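A short write-up of the structure that comes next.
The values are calculated or read from the model by the stated rules, or taken from the named source; none is laboratory data. Small disclaimer: the values here were computed from a predicted structure and weren't measured. Heads up, the Cβs are rebuilt from the backbone with ideal geometry, glycines too, and the neighbour counts pull from every protein chain shown.
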Amino acid sequence: MTDLEVLERIQRRVLWLSAWMVHAANARPAVDGLKVGGHQASSSSVVSLLTALYFQALRPDDVVAVKAHASPAFYAIQYLRGRLGAADLERLRVFGGLQAYPSRRKNPEIVDLSTGSMGLGAVAATFGGLATRYLVDHGGAAAPARFVVMVGDAELDEGNVWEMLGEEVVRKLGNVLWVVDVNRQSLDRVTADARPRQLAEMFRAAGWRVDELRWGRALRARFAQPGGERLQARLEAMSASEYQRLLRLPAGGLRKALVTTPDGGIDGTLDRLLADLADDTLAALVGDVGGHDLALILDAYATAARDTTRPSVILAHTIKGWGLPFAGDPLNHTMVTGPAQIDALRAALGVTPGEEWAGFAPDTPEARHIRALPPLFLPPPSPPAPAIPDALDEPYPEQASTQEAFGRVLAALGRLPVGDDIVTLSADVAVTTHLAGWMNRKGVYFPEARPDPFADVPQTLKWRESPGGQHIELGIAEHDLFLLLAALGLTAELSGRTLLPIGTLYDPFVTRGLDALYHALYAGARFVVVATPSGVSLAPEGGAHQSVITPGLGVTLPDLAYYEPAFAQEVEWILLAGLRAVAERRESLYLRLSTAPVDQRVAPPAGAEQRAAVLAGGYRLIDGRRAEGWTPERAVNLFATGVMVTEALAAARGLAARGAFPSVFVVTSPDRLYRGLREPRPYVEALVSADEEEVPLVSVLDGHSHALAFLGGALGVPQLALGVDTFGQSGTRPDLYRHYGIDADAIVRAAVVLLGGASLSG
Ligand SMILES: Cc1ncc(C[n+]2csc(CCOP(=O)(O)OP(=O)(O)O)c2C)c(N)n1
Ligand SMILES: [Mg+2]
């Protein structure tokens, strides 16, 4: 038996198992009345592509991002390769079992890279190629050696795919292979005709090697026969929908449809050319697309592997529902086989009833073939965590913004050994997010050294590009920023070397890449996001640049600690703690900063206890209880985040003058305080004393008020939550603070309301 015949037999089993797995999942008794789902059609279209990959072309140091909706086919393959048991397959979409879409974190023993949300996993995997390249250029091993990315054709409608293709560095990634499953169908319909041609041109324009598997060998042979070009012309001129329609016709009807001209006549020449073919043969021939021709696929994989100078893409034409009763049906995306259909499929694929879950017996050619294959990728052992210094002893000016402090902290880190593990990235805002000092020291990363034409001109930022650089500059593409963070933030798990990636962007544009950020966290990457400037404090820049909702995102995003420090020293402590959390793979950090200067002289003395409080989420800065005559009836607690500390301090002075007893609390992390509410003794409760049990509170932040609105409920006291609850606009800082009701006067007014105003003196 030839290798090709063995692979043919294996792919039939992959097709069967993937269809059966979904069928069985849907036949389970439904306790909640919900359809379980699964994707038989989407799996079947990549069965040949996956079989050729996993049973021949894949090397042990390759990782694969599998098309999300092909997970059943992927699981079937993992089973046949001995990495899953039949019992696992029976637990598709079961709680604690195999996930609906490949999840590295939920099924780490088999899934290399997580996918699911169209486009995101594919691009994160592509940037994995860049991460490997970066590691190699910084003295590491080329592991994983190659990133294979399998995607659906309609998946490429997602704009973030094209953001990635536009990055100059991507064309250098010879360790990336994309395989596009061109089944001409999306979820709803047959896709636009121009699409496959566009895909080829767009990849080519981006510098990729493009290989198109349009037709299989049988059809290609027919095209080469005398008159065959007429059949080829007819097939290639027709629309995708017309072709899909042909696939659905009974064999006899197909011939008629094929030879019928647009005006309803008969193309006699074509009819005569096909006369020697029986109806069934003709139907099989018309469905002979390249993406189901194992020999062509293997060739394409081998050729792609030889070109290591640029990324490759294989555009493989396939049939959605291949081998299934609903092949080519425009609505087959969600279809699941019924009982009669699965019986017919079982018979057609030669599966013995009762042996539905069987693999290959040890003495079969299939089993022998599989035993001879090199092993599949296994994640490396956890590397040691980079050592993060305990302190930097960096001096900060009397008036400093948190953004400026970040620049200083980073520059200080750059002078230490840990600086070698840090890689920064920015989507065209490196200068305005204070990275220049770091970049001047560490240089810009590019896989090849390129001269700086401005080298002889004095510049505040030197643009020195080399493979040794440690800053990666991206286009204005926030999805790229977060997906590159996703890749650089996963090298500990995939490459066995921990990087400390720090991405900077303007805070309002976090939402521009939010899906990608969500994916990066979901996939388990660990990194730091420095978002600056933020809020309406960026006054003259106006509403399109002022972030409002991001604090809420900071509170709600899982695996991401959100901090918004008030003072420079706090930036240092938080960044060091965040880097340690990344090094130890615990969580990622979102640092929301500002350009508004804050008087550092009002900061509390630095010390271990103060540092612990800052990291725990907040502390009391002004203690109203110390004032003479303090009484809880006239006490009010002001909770301020970030730059709002200045307004809160002014408000406290105003309130004290009116006979009230304000305390000022600095909330360094609304996120920590909120998460702490589930602790047996929430940290926020420890911030106030028993005699303050009924003291009302005012909260204020430069962002939407709801991010701190839980405090009153948590402490069981009345609260007025101040913040920016609508879009920003241009103005001076005082103008805007006044307009949005977050200035000292607004805080005083809110406190007076809570204290019942009249009882205050002055
Ligand atoms: C971001 C996102 N939007 C929508 C969906 C829902 N969805 C799942 S599959 C699919 C169609 C995918 O088409 P294609 O990529 O061609 O895959 P295939 O035809 O192989 O199933 C859609 C819209 C999704 N998973 N992710
Ligand atoms: Mg498709």
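Points to keep in mind about this one:
- Taken together, Thr115, Thr132 contain a single residue that is closer than 24 Å to Pro380 by Cα, in contact (Cβ under 8 Å) with a residue 40 or more places away in the chain and more than 16 Å from ligand 2 (Cβ to nearest atom), which is Thr132.
- For the residues Leu130, Leu156, the requirement of being away from ligand 1 (no atom under 16 Å from the Cβ) and in a helix (DSSP H, G or I) singles out Leu130.
Conditions tested, residue by residue: (1) more than 27 Å from Val536 (Cβ to Cβ); (2) assigned to a helix (DSSP H, G or I).
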{"residue": "Glu628", "(1), (2)": "yes, no"}
{"residue": "Leu638", "(1), (2)": "no, no"}
{"residue": "Val645", "(1), (2)": "no, yes"}
{"residue": "Ala648", "(1), (2)": "no, yes"}
{"residue": "Ala651", "(1), (2)": "no, yes"}
{"residue": "Gly654", "(1), (2)": "no, yes"}
{"residue": "Phe665", "(1), (2)": "no, no"}
{"residue": "Arg672", "(1), (2)": "no, yes"}
{"residue": "Pro680", "(1), (2)": "yes, no"}
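- Within the span defined as the stretch 84-101, one or more residues are within 16 Å of ligand 2 (Cβ to nearest atom) and in contact with a helix residue (DSSP H, G or I) (Cβ under 7 Å, 6 or more places away or on another chain).
- Members of the stretch 412-432 that are modelled with pLDDT of 95 or more, touching a Phe, Trp or Tyr at 6+ places or on another chain (Cβ under 8 Å) and of a type outside the set (A, V, I, L, M): Gly414, Thr424
- Here Gly264 does not qualify as more than 30 Å from Thr2 (Cα to Cα) and part of a helix (DSSP H, G or I).
- Residue in the stretch 148-155 that is surrounded by fewer than 23 Cβ atoms within 10 Å (Cβ to Cβ) and within 16 Å of ligand 2 (Cβ to nearest atom) present: yes
- So Ala561, is it crowded, with 19+ Cβ neighbours inside 10 Å and farther than 27 Å from Ala709 by Cβ: no
- Qualifying positions in the stretch 164-192 - in a loop (DSSP other than H, G, I, E, B) and either crowded, with 21+ Cβ neighbours inside 10 Å or away from ligand 2 (no atom under 14 Å from the Cβ) (or both): Gly166, Glu167, Leu173, Gly174, Asn175, Asn183, Arg184, Thr191
- Extreme residue, surrounded by the most Cβ atoms within 10 Å (Cβ to Cβ), among residues of the stretch 345-373 that are in contact (Cβ under 8 Å) with a residue 40 or more places away in the chain and among the acidic types (Asp, Glu): Glu366
- Qualifying residue in the stretch 199-215 (condition: of a type in the set (Val, Ile, Thr), under 21 Å from Ala65 (Cα atoms), in a helix (DSSP H, G or I) and more than 16 Å from ligand 2 (Cβ to nearest atom)): no
- Among residues that are modelled with pLDDT of 95 or more, within 16 Å of ligand 1 (Cβ to nearest atom) and either under 22 Å from Leu483 (Cβ atoms) or not small (Gly, Ala, Ser) (or both), Glu168 is not included.
- All conditions but one from (1) more than 26 Å from Asn183 (Cα to Cα); (2) of a type in the set (Gly, Ala, Ser); (3) surrounded by 16 or more Cβ atoms within 10 Å (Cβ to Cβ) apply to Gly268; the one that does not is (3).
- Pairs, first assigned to a loop (DSSP other than H, G, I, E, B) in the stretch 235-252, second surrounded by 12 or more Cβ atoms within 10 Å (Cβ to Cβ) and not aliphatic (A, V, I, L, M), C-beta under 6 Å, six or more apart: Ser239/Asp193
- Restricting the search to helices (runs of 4 or more DSSP H) fully inside the stretch 392-507 and requiring at least 3 residues that are under 30 Å from Leu378 (Cα atoms), out of contact with any strand residue (DSSP E or B) (no Cβ under 8 Å at 6 or more places or on another chain) and touching a residue at least 40 places away in the same chain (Cβ under 8 Å) gives 478-488, 491-494.
- Scanning the stretch 39-77 for residues that are of a type in the set (D, E, K, R) and crowded, with 24+ Cβ neighbours inside 10 Å turns up just one, Lys67.
- The set of residues in the stretch 664-692 that are among the charged types (D, E, K, R) and either exposed (fewer than 12 other Cβ atoms within 10 Å of the Cβ) or under 32 Å from the mean Cα position of the chain (by Cα) (or both) comprises Asp671, Arg672, Arg675, Arg678, Glu679, Arg681.
- Comparison of Pro362, Pro374 shows that the only residue that is modelled with pLDDT of 95 or more and touching a Pro at 6+ places or on another chain (Cβ under 6 Å) is Pro374.
- Filter result for Asn175 (at pLDDT 95 or above and within 14 Å of ligand 1 (Cβ to nearest atom)): no
- Test: residue in the stretch 65-73 that is over 19 Å from His333 (Cβ atoms) and either assigned by TED's automatic domain parsing to the domain that holds Glu355 or touching a Cys at 6+ places or on another chain (Cβ under 8 Å) (or both): yes
- In the set Ala327, Ala295, Ala300, Ala316, only one residue is under 32 Å from the mean Cα position of the chain (by Cα), in the same structural domain as Ala200 (by TED's automatic domain parsing) and part of a helix (DSSP H, G or I); that residue is Ala300.
- Condition met for Pro558 (out of contact with any strand residue (DSSP E or B) (no Cβ under 8 Å at 6 or more places or on another chain), of a type outside the set (Lys, Arg) and free of Cβ contacts under 8 Å to residues at least 12 places away in the same chain): no
- If the condition is being surrounded by fewer than 17 Cβ atoms within 10 Å (Cβ to Cβ) and farther than 18 Å from His292 by Cβ, then the stretch 211-231 contributes Ala224, Gln225, Pro226, Gly227, Gly228, Glu229, Arg230.
- Residues located in the stretch 118-127, provided they are outside any loop (DSSP other than H, G, I, E, B) and within 13 Å of ligand 1 (Cβ to nearest atom): Leu120, Gly121, Ala122, Val123
- Of all the listed residues (Gly37, Gly33), the sole one being within 25 Å of the chain's Cα centre (by Cα) and not aliphatic (A, V, I, L, M) is Gly37.
- Of all the numbered requirements in (1) within 28 Å of Ser42 (Cα to Cα); (2) outside the structural domain of Leu49 (by TED's automatic domain parsing), Val210 misses one, and that requirement is (2).
- Restricting the search to helices (runs of 4 or more DSSP H) fully inside the stretch 1-117 and requiring at least 1 residues that are within 16 Å of ligand 1 (Cβ to nearest atom) and either within 18 Å of Leu324 (Cβ to Cβ) or of a type in the set (D, E, K, R) (or both) gives 3-27, 40-45, 47-52, 71-80.
- So Ala295, is it in contact (Cβ under 8 Å) with a residue 40 or more places away in the chain, surrounded by fewer than 19 Cβ atoms within 10 Å (Cβ to Cβ) and of a type in the set (Gly, Ala, Ser): yes
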